[in-house]
Amino acid sequence: MQITVTVNGTAHTREVEPRLLLVHFLRDELRLTGTHWGCDTSNCGVCVVQLDGQPVKSCTVLAVMADGREVRTVEGLARGAELDPIQQGFSDKHGLQCGFCTPGMMMTCRALLDRNPDPSDTEIRVAISGQICRCTGYENIVRSVHAAAEIERAAQEVHQ
Amino acid sequence: MQVPAQFDYERATGVAHAIALLTRYGPESRLVAGGHSLIPMMKLRIANPETLIDINDLDELKGISIASADGADALRIGAMVRHTELLESPLAVEHFPILVDAERVIADPVVRNRGTIGGSLCQADPSEDLSAAFTALHAVAVIEGADGRREVSAREFHTGPYQTVVGDAEILVEVRVPIRPGSGSAYEKVERRVGDWAVAAGGAALWLDADTITEVGIGLTAVGAEHFCAAQAEDYLRGGPVTEERFVEAGRIAAEHVRPTADQRGPEDYKRHLAGELTTRALRRAAARAQHGTEA
Ligand SMILES: Cc1cc2nc3c(=O)[nH]c(=O)nc-3n(C[C@H](O)[C@H](O)[C@H](O)COP(=O)(O)OP(=O)(O)OC[C@H]3O[C@@H](n4cnc5c(N)ncnc54)[C@H](O)[C@@H]3O)c2cc1C
Ligand code: FES
Ligand code: FES
């Protein structure tokens, strides 16, 4: 069937089988391979994207269910050469090593900061509790999110 | 790579339309809400529906509100309410903190953004948390079919593992929890790791008149409790005073009547022990909340 999904602000129309999962639609149809694919069982969180602003596990969403809706992926974070504060935070604080979990972590943490500009350690850990990182021990991810929050606060002050 | 078998996809525009589609496509069609139980089963080919009917656009199934009928109030929770929405609902915090306790330990925040109340109840997994919570609350499920709506007690909703009273061409519309004064409620769960299904879990709701328990509900999950309910422990407590000894005895009675099975989450005797201990703990906290408010 024909679906139109808006991904990172651009509408994409494709002919797909109803059984195609959103993660494969993004990776194979649109060639947006920033969204990773891991456990395939909604446990690891590497496939997290935002669907109408909410982080969801795209290995457990059908592409047809996203028809007419908005998806944001890791490719939609940076504006041109300018990194999103969440990306800058992960870069500054070494929030990644191998990088496999990172797109999913960043999409969840971006949504967290949109709702809560100054999250506590616990709030960050709860937000990412459905996602697995085998490298960082999570410490640097928590630091990265705090750093991103600080970058955003500083930018706000400049604007005021 | 796990790929579901082929199926057709339809998007329903309203409850009546969803029922018409279920009627047209027959028993090989299935509703999909959050899809977080059904899609994994389809990927494993345990479920192979020929037609999937998406109910995510059904505004009639959304929202949490207070419904008044015949002078009585009830908390109304739409079937398409996502776990996150119930977790963050001020109405749930105010009236039935057991729901917030339970939601906090169901899956993880990202799964909770997608999974729904209706999908959870209709999946009827024997380890499902909300079934125990709604059993404790004496909630009522509202089911709609071509002939109109009917109401079924949460205690009669499940007919066995993965089975409910919802017919092939019916849809769960909402859950209603009657609001009565003097209530307190709480949920306790033991899980192997954050976000996992329960090793054992239980919830209790109490309605007090001064120190007397006028009504009580105890729901248990993952331990083989009939209808997710500890009926004998409820009978023991109903009409008596609030005391620590009686809560311990109620836990003992609850443990006596469950039928847990050993699996990778634990042996039978451990689960039986948990059923009793968690019943007592939930009763204790429910009583404290009834007497001193939700912060207890
Ligand atoms: C990683 C993970 C961990 C989880 N951990 C827990 C946990 O700890 N505790 C817990 O309780 N649950 C847990 N769950 C289950 C979670 O709560 C699911 O969201 C829930 O079981 C199903 O909700 P859904 O909306 O996704 O339903 P779906 O998958 O869309 O549907 C499930 C079934 O219900 C039917 N259905 C859906 N809505 C209706 C309706 N309105 N009327 C009639 N039939 C309907 C469907 O046809 C299908 O048969 C977990 C899930 C995952 C993926
Ligand atoms: S691939 Fe989706 S959660 Fe692991
Ligand atoms: S950076 Fe390697 S898994 Fe997280």
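What to note about this one:
- Alpha-carbon Debye profile of region B:8-54, log10 I(q)/I(0) at 0.13, 0.22, 0.26 Å⁻¹: -0.26, -0.72, -0.93
- Cα-centre dipole for the protein assembly as shown with unit charges at Cβ (Lys and Arg positive, Asp and Glu negative), debye to 20: 820
- Between A:C47, B:L31, B:H227, the Cα set farthest toward the positive side of the dipole of the protein assembly as shown (charges on each charged residue's Cβ, about the Cα centre) is that of A:C47.
- The alpha-carbon atoms of the protein assembly as shown define a convex hull whose volume equals 159 cubic angstrom per residue.
- When each of A:K57/B:K271; A:K93/B:K189; A:K57/B:K62 is checked by Cα-Cα distance, pairs over 27 Å: A:K57/B:K271; A:K93/B:K189
- Region B:189-295 shape via C-alpha gyration tensor axes, a/c threshold 1.5: prolate
- Considering only B:I66, B:V111, B:F157, the residue lying farthest towards the positive end of the dipole of region B:44-197 is B:V111, judged by Cα position with unit charges set on Cβ.
- A dipole drawn for the protein assembly as shown from +1 and -1 charges on Cβ atoms has a positive end, and of B:A136, B:T279, B:A290 the residue lying farthest that way is B:T279.
- Theoretical ellipticity at 222 nm over the protein assembly as shown - DSSP helices of four or more residues, -39500 (n - 2.57) apiece, nearest 500: -10000 deg cm²/dmol
- Tilt relative to chain B, helix B:244-257 - C-alpha long axis, 0 to 90 degrees, to 10: 40
- Extent of region B:1-107 along its three principal axes (Cα atoms, max minus min coordinate, largest first): 46, 33, 18 Å.
- Relative to the dominant Cα principal axis of chain B, helix B:268-292 is inclined by about 70°.
- Value of Rg to Rh for chain A, rounded to two decimals, is 0.98; Kirkwood radius and Rg both from alpha-carbon coordinates.
- Bridges between two residues of the protein assembly as shown, per DSSP, are antiparallel at a rate of about 85%.
- Residues of region B:70-109 that bury at least 30 Å² of accessible area once all protein chains are present, compared with their chain alone (1.4 Å probe, heavy atoms only, ligands and nucleic acids left out), are B:E88, B:D108, B:P109.
- Backbone amide hydrogens, once placed in the peptide plane, bring B:V199 within less than 5 Å of B:V190, B:E191, B:R192, excluding anything fewer than 5 places away on its chain.
- Along principal axes, Cα extents of chain B, largest first, whole Å: 57, 48, 30
- Overall form of region B:63-178 per C-alpha gyration tensor (a/c, 1.5; a/b vs b/c): oblate
- Cα centroid separation, region B:145-212 to region B:232-269 (Å): 18
- Angle in degrees between helix B:15-25 and the longest Cα principal axis of chain B, rounded to the nearest 10: 60
- Nearest-20 debye value, chain A charge dipole, Cβ charges on Lys, Arg, Asp, Glu: 280
- This model, with +1 at the C-beta of Lys and Arg and -1 at the C-beta of Asp and Glu, gives region A:21-100 a dipole about its Cα centre of some 120 debye.
- When Rg and the Kirkwood Rh are both derived from Cα coordinates, the Rg/Rh ratio for region A:85-159 amounts to 0.95.
- Relative contact order for chain A, counting Cα pairs under 8 Å that sit 6 or more residues apart, in percent: 23
The values are calculated or read from the model by the stated rules, or taken from the named source; none is laboratory data. Quick caveat: nothing in here was measured; it's all calculated off a predicted structure. Every residue, glycine as well, gets a Cβ built from its backbone with ideal geometry; the counts of neighbours run over all protein chains shown. To get the accessible areas, we keep the full protein, side chains included, count just its heavy atoms, and leave off ligands, DNA and RNA. Shrake-Rupley method; radii C 1.70, N 1.55, O 1.52, S 1.80 Å.
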